[in-house]
Amino acid sequence: MEQAIYNFNPHVKGDTFKAITFTVIVNDEPLDLSGASIRMQLRLSPLHPVAYELSTAGGNIEITDALDGKFQIKKHVIDFPAAVYHYDIEITLANGDVKTYVAGKWQITQDVTH
């Protein structure tokens, strides 16, 4: 599987992000996420330092159906400063293999009422 590009819809800073589910399919089969860890880093550009990180370890990402390759970025308030962030989602499988299956951009817009 090549890396998929997914650009999130713009999101207003301080608003609740509705959960989103991803399904990882490799060679027409769901990737077994049993024992995997997942992290998503957001940066102002790919070479900038990490601005924010969401992860299974941090509780913002949850594997919802390991055998069917499903994980979810959980519902939560997004309080990142307004900017366009570059991100990718890296999965470390139980056997130690590391793969980045999803990448893209996410625009956070400034709220007026804060």
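Structure values in brief
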item	result
Residue match in the stretch 63-79 (condition: of a type in the set (D, E, K, R) and either modelled with pLDDT under 95 or under 17 Å from Lys13 (Cβ atoms) (or both))	yes
Near pairs, Cβ below 9 angstrom, 6+ apart or cross-chain, from the stretch 55-82 (farther than 16 Å from Trp106 by Cα) to any residue that is of a type in the set (S, T, N, Q) and not in a strand (DSSP E or B)	Glu62/Thr56; Ile63/Ser34; Ile63/Thr56; Ala66/Ser34; Leu67/Ser34; Phe71/Thr56
Residue count, the stretch 80-108 (criterion: among the small types (Gly, Ala, Ser) and either in contact with a Phe, Trp or Tyr (Cβ under 6 Å, 6 or more places away or on another chain) or over 20 Å from Gln3 (Cβ atoms) (or both))	4
Test for Thr56: is it surrounded by fewer than 16 Cβ atoms within 10 Å (Cβ to Cβ) and touching an Asp or Glu at 6+ places or on another chain (Cβ under 8 Å)	no
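A quick yes/no check of all residues on (1) in contact with a Ser or Thr (Cβ under 9 Å, 6 or more places away or on another chain); (2) closer than 12 Å to Tyr87 by Cβ:
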residue	(1), (2)
Ile5	no, yes
Asn9	no, no
Asp15	no, no
Ala51	no, yes
Ala66	yes, no
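The values are calculated or read from the model by the stated rules, or taken from the named source; none is laboratory data. None of these values were measured; they are calculated from a predicted model. As a convention, Cβ positions derive from the backbone with ideal geometry for all residues, glycine included, and neighbour counts pool all protein chains shown.
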